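Student: Dumping the structure here so I can ask a few things about it.
The values are calculated or read from the model by the stated rules, or taken from the named source; none is laboratory data. Predicted, not measured: the structure shown is a model, and the values here were computed from it. Using ideal geometry, Cβ is built from the backbone for each residue, glycine included, and neighbour counts are taken over all protein chains shown.
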């Protein structure tokens, strides 16, 4: 029997653990999952694969909790849906797992109602990811440059940049800086983890604009240094409402009688947008442009 793809296995694992009424042992998890998820003929490799999957989910903010079940006196695993800071929409277990991944990947600036959950006061709910805010010398240089209105230089997308920074902020799990890029002659936003060198202060002062540009707390695929591309996606009726709330009603270019919609989204970072599309499973189809559709198909086939 062929193994499940990694994406299918992770979604199935999340669905089982999020809907468990009590912590499940590894043997119980295997019983709940398709046989191809963790091969029963190699228990040693099955457990190793489970541990690796557990770490991979934790890397995107989905924490599998483990510990002793006091009622049954067994060691088990579970995922607390409330840890995502929202009431998940009324979907099946696998769809809820997909949305949870979206929440983990997209970070703490996404409100619960934007994914179809209850519209509640999120100020009292835990943020995602739950981690300290990392910093380094380059971030400190950027912060100082904003304060002192001095230019900075660094390498980005293979090119040397000199930028007049307007604002630095920690958004969606990453440090972001927006400013006037002298080499491009326009305002651009940069992610610290994509800067290819250390950030150096030039000590050259500039006059800050009366209304400085602020970091966009936007979907990550809308930011970045890539050329913008209009990506067209058809979304099934069952997901149409929350996709429209997430992207905005202006993204909808056509509505169909069956309730499905056609949306057009401007994308600068297709890799990030591709990750978002994966959370929709078979509920969405990338229609165009053709080269991105072909790229998506080739990437999916490489994972099988």
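Student: Hey, could you check the range 282-304 for residues that are in contact (Cβ under 8 Å) with a residue 60 or more places away in the chain and within 28 Å of residue 191 (Cα to Cα) and say which is farthest from the chain's Cα centre (by Cα)?
Tutor: 289
Student: Please enumerate the residues belonging to the range 156-172 that are out of contact with any strand residue (DSSP E or B) (no Cβ under 7 Å at 6 or more places or on another chain) and touching a residue at least 40 places away in the same chain (Cβ under 8 Å).
Tutor: 157, 171, 172
Student: For the structure I just gave you, tell me whether residue 190 is modelled with pLDDT under 85 and over 30 Å from residue 17 (Cα atoms).
Tutor: Here the answer is no, as residue 190 does not meet what is asked.
Student: I'd like the full set of residues that are crowded, with 16+ Cβ neighbours inside 10 Å, under 20 Å from residue 253 (Cα atoms) and in contact with a helix residue (DSSP H, G or I) (Cβ under 8 Å, 6 or more places away or on another chain), limited to the range 275-289.
Tutor: Of everything in the range 275-289, those that are crowded, with 16+ Cβ neighbours inside 10 Å, under 20 Å from residue 253 (Cα atoms) and in contact with a helix residue (DSSP H, G or I) (Cβ under 8 Å, 6 or more places away or on another chain) turn out to be 276, 277, 280, 283, 284, 286.
Student: While we're here: Of the residues 188, 204, 194, which single one is touching a residue at least 24 places away in the same chain (Cβ under 8 Å), farther than 21 Å from residue 269 by Cβ and not assigned by TED's automatic domain parsing to the domain that holds residue 226? Reasoning before the result, please.
Tutor: Values: 188 fails: farther than 21 Å from residue 269 by Cβ; 194 fails: farther than 21 Å from residue 269 by Cβ.
Among 188, 204, 194, only 204 is touching a residue at least 24 places away in the same chain (Cβ under 8 Å), farther than 21 Å from residue 269 by Cβ and not assigned by TED's automatic domain parsing to the domain that holds residue 226.
Student: May I pose another question? Among the residues in the range 77-93, are any surrounded by 18 or more Cβ atoms within 10 Å (Cβ to Cβ), touching a strand residue (DSSP E or B) at 6+ places or on another chain (Cβ under 9 Å), modelled with pLDDT of 70 or more and closer than 30 Å to residue 284 by Cα?
Tutor: For the range 77-93, residues surrounded by 18 or more Cβ atoms within 10 Å (Cβ to Cβ), touching a strand residue (DSSP E or B) at 6+ places or on another chain (Cβ under 9 Å), modelled with pLDDT of 70 or more and closer than 30 Å to residue 284 by Cα: present.
Student: What are the residue pairs meeting all of these: first residue in the range 233-254, first residue without any contact (Cβ under 8 Å) to a residue 12 or more places away in the chain, second residue surrounded by fewer than 20 Cβ atoms within 10 Å (Cβ to Cβ) and in a helix (DSSP H, G or I), Cβ atoms under 8 Å, and 6 or more apart or on different chains?
Tutor: Filtered contacts from the range 233-254: 252/244.
Student: Let me ask something additional. Mind listing whichever residues of the range 261-289 are out of contact with any strand residue (DSSP E or B) (no Cβ under 6 Å at 6 or more places or on another chain) and at pLDDT 90 or above?
Tutor: Within the range 261-289, 289 is the sole residue that qualifies.
Student: Closer than 26 Å to residue 189 by Cα, surrounded by 13 or more Cβ atoms within 10 Å (Cβ to Cβ), assigned by TED's automatic domain parsing to the domain that holds residue 228 and out of contact with any helix residue (DSSP H, G or I) (no Cβ under 7 Å at 6 or more places or on another chain), is that true of residue 263?
Tutor: So residue 263 does not fit the description; no.
Student: Condition check: over 22 Å from the mean Cα position of the chain (by Cα) and without any contact (Cβ under 8 Å) to a residue 60 or more places away in the chain. Does residue 259 satisfy that?
Tutor: In short, yes.
Student: Further question on the same structure: Only one of 235, 199 is in the same structural domain as residue 164 (by TED's automatic domain parsing), in contact with a helix residue (DSSP H, G or I) (Cβ under 6 Å, 6 or more places away or on another chain) and crowded, with 16+ Cβ neighbours inside 10 Å; which?
Tutor: 199
Student: I need the full set of residues from the range 290-299 which are within 16 Å of residue 7 (Cβ to Cβ) and either crowded, with 17+ Cβ neighbours inside 10 Å or at pLDDT below 80 (or both), in order please.
Tutor: Passing the criteria: only 296.
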